[in-house]
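Scroll down for the structure; my scribbles are underneath it.
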2 protein chains.
Amino acid sequence: MKYALVVFPSKKLQDLVNSYRKRYDPHYALIPPHITLKAAFEASENQAETFTAQLKEIAKKYNPFLLKVTKVKSFEPVSNTIYFKVEPTPELEGLFADFRDHLPGDPPPYPFVPHITIGQKLSKEEHADIYRQLEMVGIEHKEMVNRFHLLYQLENETWTVYETFHLGKD
Amino acid sequence: MKYALVVFPSKKLQDLVNSYRKRYDPHYALIPPHITLKAAFEASENQAETFTAQLKEIAKKYNPFLLKVTKVKSFEPVSNTIYFKVEPTPELEGLFADFRDHLPGDPPPYPFVPHITIGQKLSKEEHADIYRQLEMVGIEHKEMVNRFHLLYQLENETWTVYETFHLGKD
């Protein structure tokens, strides 16, 4: 079974991101807008029981934090993905490192660049056009994050939430 | 903001249900297969903070329970919805009644018939055809349920999970 760990931002930010994703992201229907903390990894349901307990402990180590979205960026030339850049925080980086070090799955092939995807799998021309346009519109958004979610993937490639974890002490 | 309360069954059952919904349910892309415990209701984010605490208390009152799916049924003539009938249990009925009595929103206009929708908004002919076919295939499934989820709806009508609640004592 495939699992992943994400932060879902507020409805307000999700609605804004979806207004772009609807046109520019073929994964639009598979998962709501999110910040990936650990990308899809394979684990059994038994393993999941163990790491769910670990996730509870990891969540306690980090306090709720301010999420700042400050600009539109692109992963070009690595990929044609356009995204809202999320300012790194000690909490985001700590969660990322803990998940990488303590959960099943291979370590990620790229350094951690926290982001919310707004467009991907675009042609070279589309990418250039849309990126220029969105860069001009820009983004400036702040909100508190106090939770993350463990998801699993269904056969149709959509994601279902298995569990919510709250940052900080209960 | 619109909220709702649901149980997501196991991946196995969701995959089976989606194999039908893909063709027969126009809501297929909006939400994973689920049992509705409280249908969409309007509440403010402030209200949500209050009733989230209440939901935690309600969840503690009920133990994990065995979910049994035993037949294919239809809500005809009330609607053309075809569903997997879920056997009522004291836990499902208790949760339904507590949500109805303690959360915002109007009481539901119909009695509680726990179910997982597999097709809806079908034409009269489609409904008759598909219902006959699925009734013959039938369904026989059991699994433990130990959690429910609070969701909210985005502007594009898809649903995001806000929080997971575990049945029984922590």
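The values are calculated or read from the model by the stated rules, or taken from the named source; none is laboratory data. In this text, all values refer to a predicted model and were calculated from it rather than measured experimentally. Every residue, glycine among them, receives a Cβ derived from its backbone with ideal geometry; neighbour counts consider all protein chains shown.
In this structure, does residue A:22 turn out to be in contact with a helix residue (DSSP H, G or I) (Cβ under 6 Å, 6 or more places away or on another chain) and of a type in the set (D, E, K, R)? Before the answer, list the steps.
On the way: in contact with a helix residue (DSSP H, G or I) (Cβ under 6 Å, 6 or more places away or on another chain): no; of a type in the set (D, E, K, R): yes.
The answer is no for residue A:22.
The lone criterion from (1) assigned to a helix (DSSP H, G or I); (2) farther than 24 Å from residue B:31 by Cβ left unmet by residue A:80 is number (1).
For residue B:67, are the conditions met, namely being farther than 21 Å from residue B:133 by Cβ, hydrophobic (A, V, I, L, M, F, W, C) and out of contact with any helix residue (DSSP H, G or I) (no Cβ under 9 Å at 6 or more places or on another chain)? No; evaluated as a whole, the condition is false for this residue. Quick check, is residue A:59 buried (at least 17 other Cβ atoms within 10 Å of the Cβ), of a type outside the set (Val, Ile, Thr), assigned to a helix (DSSP H, G or I) and more than 12 Å from every other protein chain (Cβ to nearest Cβ)? Judged against the criteria, residue A:59 is a match. Of all residue pairs spaced 6 or more apart or on separate chains, those with beta-carbon atoms under 7 Å, a first member in the range B:5-28 that is under 15 Å from residue B:158 (Cα atoms) and within 12 Å of chain A (Cβ to nearest Cβ) and a second member that is assigned to a helix (DSSP H, G or I) and of a type in the set (Lys, Arg) are B:28/B:21; B:28/B:22. Against the conditions (1) of a type outside the set (Gly, Ala, Ser); (2) crowded, with 18+ Cβ neighbours inside 10 Å; (3) farther than 16 Å from residue A:149 by Cα; (4) at pLDDT 95 or above, residue A:11 satisfies every one except (3).
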